[in-house]
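This report concerns only the one structure given below.
The values are calculated or read from the model by the stated rules, or taken from the named source; none is laboratory data. Worth saying up front: this structure is predicted, and the values here are computed from it rather than measured. A quick note on method: Cβ atoms are made from the backbone with ideal geometry, for glycine too, and the neighbour counts reach across all protein chains shown.
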Amino acid sequence: MDGGPSGATTTARTLLVLQQLTNAAHPLSVPEIASATGMATAEVHRVLGELRQFGFAVQDPATGRYRTGHAAVGLGQEARRRDALRTAGTPVIARLAALTGETTTLSARQGYERCYVGQVESMQEIRISVTLGERVSLVVGANGIVILAALPDEDVEQVLRLPRPRLTSSTITDEQVIRERVAVARERGWARSDGERVKHSASIAAAVLDRDGRPAGSLSVAYLAERADDATIAQLAEVVVEAAAEASARLRDLDA
């Protein structure tokens, strides 16, 4: 550890300053922040400079005082959106898991990626599971494709300009194929993937939409690919689409 209040690390000192800015009812001066955190004024100046550089703090040129910047506000808004999605989607994926006997997942959109924020694991001896907090490109897997399909064309074009990771030998990275998958998902309201993120696993997903009709995330059923024939896939797709519609309605009610 390096110096600072109680031997705090550089990261801890940065968070202390950001916490003061976030909780303050009015813009703060450097001496006020130093007094509240136990940090030297020179260190507060350094931390504030870094926070300003990345948009987490703004200085009033007239008074020299500081307040939170747009980046900090954006993080708070994203956290609230993710919490709302969890609240709306968790009971839905629980019922979906009970209905299908397979693992169900809930993903939140984060820019041009998605992040697993919930899952209910299957009770079967051999089952699929995901890592909560794992971030995945929107071009990978059924969850990403349905989110991408619910976004405007300009966002799709932006995503396709980004690097396309290959996670397994089955990951689809061809631009034209991805475009075709997006078009199909828009037409039928769901997407399926097979071994794109993890070998031998498959999933069927549908988007969860907010009150503005934009994708807040997606939910899915994840299963061993060998367990589903065409008839089973069709049945799973139907209940997944219904579940996504229910989660979307619950999310809209929370936003009302």
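Do we find that residue 139 is modelled with pLDDT of 90 or more, part of a loop (DSSP other than H, G, I, E, B) and either of a type in the set (A, V, I, L, M) or not assigned by TED's automatic domain parsing to the domain that holds residue 181 (or both) in this structure? When the stated conditions are applied, residue 139 passes them.
Are any of the residues in the stretch 73-81 in contact with a strand residue (DSSP E or B) (Cβ under 8 Å, 6 or more places away or on another chain) and hydrophobic (A, V, I, L, M, F, W, C)? Show your work before the answer.
Let us first name the residues in the stretch 73-81 that are in contact with a strand residue (DSSP E or B) (Cβ under 8 Å, 6 or more places away or on another chain), namely 78, 81.
Next, from what is left, pick out any that are hydrophobic (A, V, I, L, M, F, W, C): none.
The answer is no; no qualifying residue exists.
Restricting 222, 244 to those that are under 19 Å from residue 170 (Cα atoms), buried (at least 22 other Cβ atoms within 10 Å of the Cβ) and touching a residue at least 12 places away in the same chain (Cβ under 8 Å) reduces the list to 222.
Would you check if residue 124 is touching a residue at least 24 places away in the same chain (Cβ under 8 Å) and either not acidic (Asp, Glu) or not assigned by TED's automatic domain parsing to the domain that holds residue 212 (or both)? Spelling it out, it is not the case that residue 124 is touching a residue at least 24 places away in the same chain (Cβ under 8 Å) and either not acidic (Asp, Glu) or not assigned by TED's automatic domain parsing to the domain that holds residue 212 (or both). If the condition is being farther than 18 Å from residue 72 by Cβ and of a type in the set (A, V, I, L, M, F, W, C), then the stretch 31-56 contributes 34, 39, 40, 42.
When the residues of the stretch 147-174 are filtered to those that are touching a Ser or Thr at 6+ places or on another chain (Cβ under 6 Å) and modelled with pLDDT of 90 or more, the one that is surrounded by the most Cβ atoms within 10 Å (Cβ to Cβ) is 147.
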